[in-house]
Amino acid sequence: HFMATAYLPGEEPGDPERRVWMILRRADYEVQDDWGRVIGMRGSGSNSIKAEKAFVPDY
């Protein structure tokens with residue numbers, strides 16, 4: 001699982017966007033190998049993720 005934040009529109013027109021927490025299942029995202037040749041950071045677990053068309057329920 002991956003826990004992230006997202007910005008969702010308000011429930012009523014004109015409400016500012018709100019920040020929410022979401023949890024993605026491992027099948028719904030891909031870990032990006034984006035540290036290149038930086039040796040020390042490869043083991044940090046701080047790679048980027050990519051999620052496309054993942055369903056996150058509103059609860």
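The values are calculated or read from the model by the stated rules, or taken from the named source; none is laboratory data. This is a predicted model, so every value here is computed, not measured. For neighbour counting, all protein chains shown are included, and Cβ atoms are generated from backbone atoms with ideal geometry for every residue, glycine included.
Taking the numbered list (1) surrounded by 12 or more Cβ atoms within 10 Å (Cβ to Cβ); (2) at pLDDT 65 or above; (3) farther than 20 Å from Pro57 by Cβ in turn, Arg42 passes all entries but (2).
Scanning segment 10-32 for residues that are modelled with pLDDT of 80 or more, in a loop (DSSP other than H, G, I, E, B) and out of contact with any Phe, Trp or Tyr (no Cβ under 7 Å at 6 or more places or on another chain) yields Arg25, Gln32.
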